[in-house]
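Chemist: If you scroll down you'll find the structure; I have some questions about it.
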Amino acid sequence: MFEFAAVLFGLISAGSWGFADFFVGKSARTLGSAKAALLVNTIQAVVYSILYVLFLAKDVTFTSEGVIYALIGSIFFAGAQASFFKAMRFGPVGLVSSISSTYPLVALLVGVILFAVGVSVVKVVGIVFIVAGVMVASGLLEKSKHRLGKGPLVALLPAFGWGVGLGFISQALSLMDWQGTLLIELLVAPVVLLIGLPCIKGDEHVTLGSLAKGARLPVVWMSGLLQMSGLLALNVGIVRKPSEAAVIVAVSSCYPALTIFLALRHLKETIPLVPLIGGIVGIVGVIILALG
């Protein structure tokens, strides 16, 4: 029987990320993907750094190998963030959230290839669901004229980036505390995005004035704070209930369902039935993968 506390941590994480993706979609469309990504990740870095100094830094240990893994993973995470905001700008938000949430499959493949992680029968079932769901949701099986557009295809990039990043972050977590690992992850992201801004901004006009104006938008702050809250809930839950880690991760993986609901209701999005089913199948595959 699952512990209520484990389910609660998973629900907090899922709720935070579900609302966060909705606000990310609004932020990307309001500001542009590059400005929104830079601001949201900067907010996360600043707020978490304050929390770290005030409450989390005690008895945290760093190892050289762990820091290297964390840095590599964080760079991939930053790239994933850039492409995720771009995909959200294209939309549909609900479908982009579903496809990008399949990153645990890539993380598993990284673990198998680089770190000799074992694969169970249940995980294989999860892989089949994810691959099938992504192919249907992204329109890879449809004729070109019937595809949904750039959003679902671009959403494959954050799924890849987050997956590779998570593979390395998982190794960092096995070598040092989650507080320090998350600090590196959140601090590296805005730095990488700022350095890569000329390459990722496209035709966006990015100035200090436009960034300052964007920093005053509530949707930007909601995006950053909710993304960070989801990460905190996930990490704290796993540390407090390590025996229920799979349950926490599985429950947290349901977050795209909330994003889909919010996008359909408040963004007036229309998602064709077949791609929507594909997105749901992909989410189910992620949950199976987590429990396997």
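Chemist: What number of residues within the stretch 263-292 satisfy the criterion of being among the small types (Gly, Ala, Ser) and open to solvent by 30 Å² or more (accessible area, probe 1.4 Å)?
Modeler: Filtering the stretch 263-292 down to residues among the small types (Gly, Ala, Ser) leaves 263, 278-279, 282, 285, 290, 292.
Narrowing further to those that are open to solvent by 30 Å² or more (accessible area, probe 1.4 Å): 292.
Of the residues in the stretch 263-292, 1 are among the small types (Gly, Ala, Ser) and open to solvent by 30 Å² or more (accessible area, probe 1.4 Å).
Chemist: Does ILE260 satisfy being open to solvent by less than 20 Å² (accessible area, probe 1.4 Å), assigned to a helix (DSSP H, G or I) and in contact (Cβ under 8 Å) with a residue 24 or more places away in the chain?
Modeler: yes
Chemist: Would you check if MET228 is at pLDDT 90 or above, open to solvent by less than 30 Å² (accessible area, probe 1.4 Å), not in a helix (DSSP H, G or I) and not small (Gly, Ala, Ser)?
Modeler: No.
Chemist: Does TRP221 meet the test of being aromatic (Phe, Trp, Tyr), surrounded by fewer than 18 Cβ atoms within 10 Å (Cβ to Cβ), in a helix (DSSP H, G or I) and on the phi < 0 side of the Ramachandran plot?
Modeler: For TRP221, the condition - aromatic (Phe, Trp, Tyr), surrounded by fewer than 18 Cβ atoms within 10 Å (Cβ to Cβ), in a helix (DSSP H, G or I) and on the phi < 0 side of the Ramachandran plot - is met.
Chemist: If you don't mind, another one. Could you identify the single residue in VAL286, VAL274 that is in contact with a Pro (Cβ under 7 Å, 6 or more places away or on another chain), in contact (Cβ under 8 Å) with a residue 60 or more places away in the chain, in a helix (DSSP H, G or I) and of a type in the set (Val, Ile, Thr)?
Modeler: Result: VAL286 is the single residue among VAL286, VAL274 that is in contact with a Pro (Cβ under 7 Å, 6 or more places away or on another chain), in contact (Cβ under 8 Å) with a residue 60 or more places away in the chain, in a helix (DSSP H, G or I) and of a type in the set (Val, Ile, Thr).
Chemist: So in the stretch 194-218, with the set limited to residues that are part of a loop (DSSP other than H, G, I, E, B) and charged (D, E, K, R), which one is most open to solvent (accessible area, probe 1.4 Å)?
Modeler: Looking at residues that are part of a loop (DSSP other than H, G, I, E, B) and charged (D, E, K, R), I get ARG216.
Chemist: Looking only at the stretch 1-43, count how many residues are part of a helix (DSSP H, G or I) and within 25 Å of PRO198 (Cα to Cα).
Modeler: The qualifying residues number 21.
Chemist: Moving on. Of all the residues that make up the stretch 52-73, how many are open to solvent by 20 Å² or more (accessible area, probe 1.4 Å) and either closer than 28 Å to SER100 by Cα or in contact with a helix residue (DSSP H, G or I) (Cβ under 8 Å, 6 or more places away or on another chain) (or both)?
Modeler: 11
Chemist: Evaluate the following for VAL247: is it modelled with pLDDT under 90, over 17 Å from THR102 (Cβ atoms), open to solvent by 50 Å² or more (accessible area, probe 1.4 Å) and in a helix (DSSP H, G or I)?
Modeler: It is false that VAL247 is modelled with pLDDT under 90, over 17 Å from THR102 (Cβ atoms), open to solvent by 50 Å² or more (accessible area, probe 1.4 Å) and in a helix (DSSP H, G or I).
Chemist: Please verify whether SER83 is among the hydroxyl-bearing types (Ser, Thr, Tyr), in contact with a helix residue (DSSP H, G or I) (Cβ under 7 Å, 6 or more places away or on another chain) and either at pLDDT 90 or above or crowded, with 18+ Cβ neighbours inside 10 Å (or both), treating the condition exactly as stated.
Modeler: Yes, satisfied.
Chemist: So, of the residues in the stretch 52-67 that are free of Cβ contacts under 8 Å to residues at least 24 places away in the same chain and part of a helix (DSSP H, G or I), which turns out to be nearest to VAL154 (Cα to Cα)?
Modeler: Looking at residues that are free of Cβ contacts under 8 Å to residues at least 24 places away in the same chain and part of a helix (DSSP H, G or I), I get SER64.
Chemist: Could you grab the pairs with beta carbons closer than 9 Å, sequence gap of 6+ or different chains, first residue in the stretch 227-244 and among the basic types (Lys, Arg), second one open to solvent by 50 Å² or more (accessible area, probe 1.4 Å)?
Modeler: LYS241/GLU3
Chemist: Additional query: Could you list, in sequence order, the residues of the stretch 130-150 that are modelled with pLDDT under 85, open to solvent by less than 30 Å² (accessible area, probe 1.4 Å) and not in a loop (DSSP other than H, G, I, E, B)?
Modeler: Of everything in the stretch 130-150, just one residue is modelled with pLDDT under 85, open to solvent by less than 30 Å² (accessible area, probe 1.4 Å) and not in a loop (DSSP other than H, G, I, E, B), namely ALA137.
The values are calculated or read from the model by the stated rules, or taken from the named source; none is laboratory data. Nothing here was measured: the structure is a model prediction, and the numbers come from that model. Virtual Cβ from ideal backbone geometry, glycine too; neighbours counted across all protein chains shown. Calculation scope for accessible area: heavy atoms of the full protein, side chains included, ligands and nucleic acids excluded. Shrake-Rupley method; radii C 1.70, N 1.55, O 1.52, S 1.80 Å.
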